[in-house]
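Notes follow the structure.
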Amino acid sequence: MLDNKVRDLINEQVTKEFYSAYLYLDFANYYQEKGLDGFAHWFDIQAQEERDHAMLMRTYLQNNDVPVVFGTIDKPDMTCKKLDDALKAALKHEQFITGCINKIYAAADKAKDYRTMQFFDWFVKEQGEEEKNVSDLIKKFELFGSDPKGLYALNQELLARVYAAPTLVP
């Protein structure tokens, strides 16, 4: 049986992960409208990853006989004025999600819930990768984004990204 606080935090995180997917789809729409299909593709894949994170956590709750309670998913409300606004917002969002994952981990540690800690080990590592990926993309955009040929090349690079579903077993 999961500690009540841990249970509630994981349930809340499921909704946050679905919101992340929704947010990234909104960013993908923005880039598609700007003619940057590679950037749109990159965010489409990000959305798939976030959805899978939510589903993994949902399955973990179900496997522990915990009812899954979905919260309301808010509408993304960001207005992008520059091409890199969505990238910077994505980094800020990933940092927020890292804080949420750390909060779950700390609550599980306090409850001596080692099984949940072990399950969330993967998410702790994943968040480090998520932050680095967005940070690296921001750096590339800062280097190449103001040059049309550089922006084109970066967009083409992002089109080549392939989705790899997580192999974590909840």
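The values are calculated or read from the model by the stated rules, or taken from the named source; none is laboratory data. The structure presented is a predicted model; accordingly, all values stated were derived computationally and were not measured. Note: ideal-geometry Cβ built from the backbone for every residue, glycine included; neighbour counts use all protein chains shown. Side chains included, ligands, DNA and RNA excluded: accessible areas come from the protein's heavy atoms. Shrake-Rupley method; radii C 1.70, N 1.55, O 1.52, S 1.80 Å.
Site pair ALA153 and ASP85 shows an inter-label distance of 2.8 nm when each label is modelled 7 Å from Cα along Cα→Cβ. Between VAL162 and LYS132, the modelled labels are 2.0 nm apart [label points 7 Å from Cα along Cα→Cβ]. Computed with every protein chain present, the accessible area of PHE43 is close to 0 Å² [probe 1.4 Å].
For the listed residue pairs LYS34/LYS149; LYS112/LYS132; LYS75/LYS139; LYS103/LYS132; LYS5/LYS112; LYS16/LYS110, the alpha carbons are over 24 angstrom apart in LYS112/LYS132; LYS75/LYS139.
Shown for the chain are the DSSP H helices of 27 Å or more along their axis, judged by Cα atoms, with a mean Kyte-Doolittle hydropathy of at least -1.0: 4-33, 37-63, 85-110, 114-144. Note on THR59: accessible area is roughly 40 Å² with a 1.4 Å probe, heavy atoms of protein only.
Per residue, the solvent-accessible area of the chain (1.4 Å probe, heavy atoms of protein chains only, all protein chains present) comes to 55 Å². For LYS110 and ASP65, the FRET efficiency from 1/(1 + (r/R0)^6), where r spans their Cβ atoms and R0 equals 22 Å, is about 0.55.
By a 1.4 Å probe calculation restricted to protein chains, ASP8 has an accessible surface near 70 Å², given to the nearest 10.
Once volume of the Cα convex hull per residue in Å³ is calculated for the structure shown, the corresponding label among (1) 140; (2) 117; (3) 97 turns out to be (3).
Report note on the peptides 123-136, 152-165: ranked by the mean count of other C-beta atoms within 10 Å, highest first, their order is 123-136, 152-165.
Please report the carbon-and-sulfur percent of the accessible area for the chain; probe 1.4 Å, protein heavy atoms only, DNA, RNA and ligands left out. Roughly 53 percent of what the probe reaches on the chain is carbon or sulfur.
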